[in-house]
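No lab work stands behind these numbers, since they all come straight from the coordinates. Bear in mind that the values here come from a model prediction, so they are computed numbers and not experimental data. Cβ coordinates were reconstructed from backbone atoms using ideal geometry, including for glycine residues, and neighbour counts include every protein chain displayed.
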Amino acid sequence: MKQLLLLPLCLLITVAFGQKKNGSYQLHINKTSLPVTIDGEMNEQAWADAPAADNFFMVLPMDTSHAKVKTSVRMTYDAKNIYIIAVCYLTKPAPYMVESLRRDFSFGRNDNFIFFMDPFDDRTNGFTFGANAAGAQWDGSLYSGGSADLSWDNKWVSAVKNYPDKWIFEAAIPFKTIRYKKGIKQWGINFSRLDIKEAEKSSWTPIPRQFPTASLAYTGTLVWDEAPPEAGANISVIPYVLGGISKDYDHKAPNDYRKAIGADAKIALSSSLNLDLTVNPDFSQVEVDKQVTNLDRYELFFPEKRQFFLENADLFANFGYTNIRPFFSRRIGLGVPINYGARLSGSLDKNWRIGVMDMKTKSQDEVGLPAQNFTVFALQRRLFARSNIRLMFVNKQSVNYQPGKDSTKPVYSLYNRNLGLEYNLASANNMFTGKAMVLKSFTPGKSTGDFVHAANFQYTDKKWLLLWQHEIVGKNYNAEVGYVPRSDYVKLNPQVSYNFFPNKKGKILSHGPLLSSTYFFNSKMHQTDNETYLDYKISLRNQGVFDAWVAHDYVELLKPFDPTNSGKDSLLTGSKHSWDSWGTTFTSKPQRLFTYGFTTRYGGYYANGTRLALTTDLGYRFQPFVNITLSTSFNHIDLAKPWGVTNFWLIGPRIDLTLTNTFFFTAFLQYNNQQKNVNVNTRLQWRYKPASDFYIVYTDNYYTAPFFIRNRALALKFTYWWSM
């Protein structure tokens, strides 16, 4: 019996302390004194002298052999840059497959080569760079063991050249661009290749097919002949100048002319620790959010896209769960101007990471909103092979404010604080992952029911996925700088899925079911919600995917709710609703110039109603310069009076024009009759130097019926990345 009790403990120790899976795959990188010209040609002596990483392994469609498509990679460096060249061979002469020359392209829709660097060899955080076969760049930061944030953007140069039997990617990554620890001579490294025509994804090191090639648990080792050089003085100032004009036709306001200047600064306190500063920041060039038809009872989530908040964003944004985030940076500066801010983030050594942020927003006298200060502190300690423990503190403080002093203005909170601790589990082979956390909020007048506890544990292998997750959120838990759309609940969510792999090589690569059930209870353990969901997924060898599902839903409303979110009427608190529904999803293979996908849903709805939902996504590319997409969503809701029949359309055509990999034009139209709005957004971006841009952004908003203009804006913005 004692031996049986010790077995789980031994298993936990094994998965937590396990050695690096692919540490024996080594690529030696040697310093060169010879010149390297970034032109997509492997004709320099420096490349002839560099060792090669080749003989890649197939990851998809199966991970049981070496890749059919050959790839060879070499790396070298000098005092300023890391250089890489990848020769991507073809099995037969054929045109490449890409969407466009747009930066940070969609991975699965482009022939591409991407590599992943783990400068601390901690198998948790790093950087990714690469390009598609037409030369469009890809760069991002890696967090949580292999998730990529492609909003991260920095200075580096690359070139791609096409040949009849191959294409070559060549790049120079300045040491100043990345963060690494002084003196470390072994980094994690891996290389990924996607050839859409062969429907093959490959990797230098072997990776189980259920994991992405970005998985840092499976990197090989980049062995330096000597410690990488210090980046030296690394200070960048990024000033901007903005001019614009806008007009609010709704309120018949006069033209509003904008003139603004501001700046960001990036100061490397060490090769792994960075200080970001901003004064009077402006984010007018950020792309508009993609709208959705909102039939949810709770607030929708939209991702952060503003550059200032993105470096080491995982330290701040990844604390908690999808719907329990004590910090959400979009709470700062959207609708309220930011005066200034500072962020200190990065690694103190191989085991410790730190993040500190302080932002000050302006007051708005017309609504009585005081100036506010936002402070966030995060400290992370590495444990075992790839796990960590993290502390976070979030403080929102109103400056020089007395709540209720002016009875004619809304009352705002004097302060709101959150303190949390979480443990993130990641086994050496990535098959066991999980999280456990506790949070407490501090709000004037509330001292009980303000705790959160949540945990999950997941096992993933080639065939099985087993998941348990639970969440407990107190009635008075309050995260004013976070994203917590729901409070006062207990949630239980078990999930299991299985994949079958046919023995014969046919059109179907794998297929299998997924069963998930999500229960919500109140604090007295009375059930208020449940969704039980059964899905069957078929993955085709040509990379097409088909799903069919059935679901049962039960809801007991905790507050009045309009099931159409259109303002007609609301269902009563305490009313109970249940229904059954079914649906399908299909995504076409990406090898064609014309791609398509669709989803269907039909079944019951609130108040014994019915709901039909259809979406389509169509795309056509004129390689590599033009990519046209059309997303359409239709919801038909049939309810008793006073709602009756409601039809919601959301139509979003988009055109991306990329004349070169430094000149981009995007036109995006969104017709949304639920919001009674037509939005037109166009953006021209010219990257005249690395990380330096000129933007012209034009936005129109119209009523859907009658088709009258609501507001209009034009902005011109010039930024320059000045490195000292």
Practice problem: Working only within the range 245-287, note down all residues that are more than 17 Å from Ala691 (Cβ to Cβ), crowded, with 16+ Cβ neighbours inside 10 Å and within 24 Å of the chain's Cα centre (by Cα). | Solution: Ser272, Leu273, Leu275, Ser284
Quiz item: For the range 423-463, what are the residues that are assigned to a loop (DSSP other than H, G, I, E, B), of a type outside the set (Ser, Thr, Tyr) and either in contact with a His (Cβ under 8 Å, 6 or more places away or on another chain) or crowded, with 18+ Cβ neighbours inside 10 Å (or both)?
Solution: Ala428, Asn429, Asn430, Met431, Asp450
Self-check item: Output for the range 569-619, where each listed residue is part of a loop (DSSP other than H, G, I, E, B) and touching a residue at least 12 places away in the same chain (Cβ under 8 Å)
Solution: Asp569, Leu572, Thr573, Gly574, Ser575, Ser588, Lys589, Pro590, Gln591, Leu593
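A quick yes/no check of all residues on (1) in a strand (DSSP E or B); (2) basic (Lys, Arg):
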site	(1), (2)
Trp649	yes, no
Gly652	yes, no
Asp656	yes, no
Phe664	yes, no
Gln674	no, no
Arg687	yes, yes
Phe694	yes, no
Thr704	no, no
Quiz prompt | Residue tally, condition under 27 Å from Phe432 (Cα atoms) and not in a loop (DSSP other than H, G, I, E, B), over the range 365-418 | solution = 12
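For the range 107-116, check the following and say yes or no: at least one residue is assigned to a loop (DSSP other than H, G, I, E, B) and farther than 22 Å from Asn424 by Cβ.
Checked against the condition, which is being assigned to a loop (DSSP other than H, G, I, E, B) and farther than 22 Å from Asn424 by Cβ, the range 107-116 yields at least one hit.
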Quiz item: Of these, Gly140, Gly145, Gly130, which one is in a loop (DSSP other than H, G, I, E, B), within 25 Å of Pro303 (Cα to Cα) and small (Gly, Ala, Ser)?
Solution: Gly145
Quiz item: When both residues are 6+ apart or on different chains and their Cβ atoms are under 9 Å apart, which pairs have a first residue that lies in the range 276-290 and is within 13 Å of Leu242 (Cβ to Cβ), and a second that is among the polar types (S, T, N, Q) and assigned to a strand (DSSP E or B)?
Solution: Asn280/Asn339; Gln285/Gln685; Gln285/Thr719
Practice problem: Give the residues of the range 587-631 that are of a type in the set (Phe, Trp, Tyr) and surrounded by 16 or more Cβ atoms within 10 Å (Cβ to Cβ), sorted by residue number. | Solution: Tyr605, Tyr606
Quiz item: Restricting attention to the range 151-159, does a residue exist that is hydrophobic (A, V, I, L, M, F, W, C), under 25 Å from Arg382 (Cα atoms) and either assigned to a loop (DSSP other than H, G, I, E, B) or out of contact with any strand residue (DSSP E or B) (no Cβ under 8 Å at 6 or more places or on another chain) (or both)?
Solution: yes
Quiz item: Of Asn456, Asn530, Asn499, Asn522, which residue is out of contact with any Asp or Glu (no Cβ under 8 Å at 6 or more places or on another chain) and farther than 30 Å from Phe374 by Cα?
Solution: Asn499
Quiz item: Is the range 554-568 home to any residue that is assigned to a strand (DSSP E or B), touching a Ser or Thr at 6+ places or on another chain (Cβ under 9 Å) and hydroxyl-bearing (Ser, Thr, Tyr)?
Solution: yes
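Here's the yes/no breakdown for (1) in contact with a Ser or Thr (Cβ under 8 Å, 6 or more places away or on another chain); (2) basic (Lys, Arg):
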{"site": "Ala436", "(1), (2)": "no, no"}
{"site": "His453", "(1), (2)": "no, no"}
{"site": "Lys475", "(1), (2)": "yes, yes"}
{"site": "Asp488", "(1), (2)": "yes, no"}
{"site": "Tyr498", "(1), (2)": "no, no"}
{"site": "Gly506", "(1), (2)": "no, no"}
{"site": "Leu509", "(1), (2)": "yes, no"}
{"site": "Leu515", "(1), (2)": "yes, no"}
{"site": "Phe520", "(1), (2)": "yes, no"}
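Every residue, every condition in (1) closer than 28 Å to Tyr423 by Cα; (2) outside any loop (DSSP other than H, G, I, E, B), yes or no:
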| residue | (1), (2) |
| --- | --- |
| Asn294 | no, no |
| Glu299 | yes, no |
| Phe302 | yes, no |
| Leu315 | yes, yes |
| Arg330 | yes, yes |
| Leu334 | no, no |
| Ser345 | yes, yes |
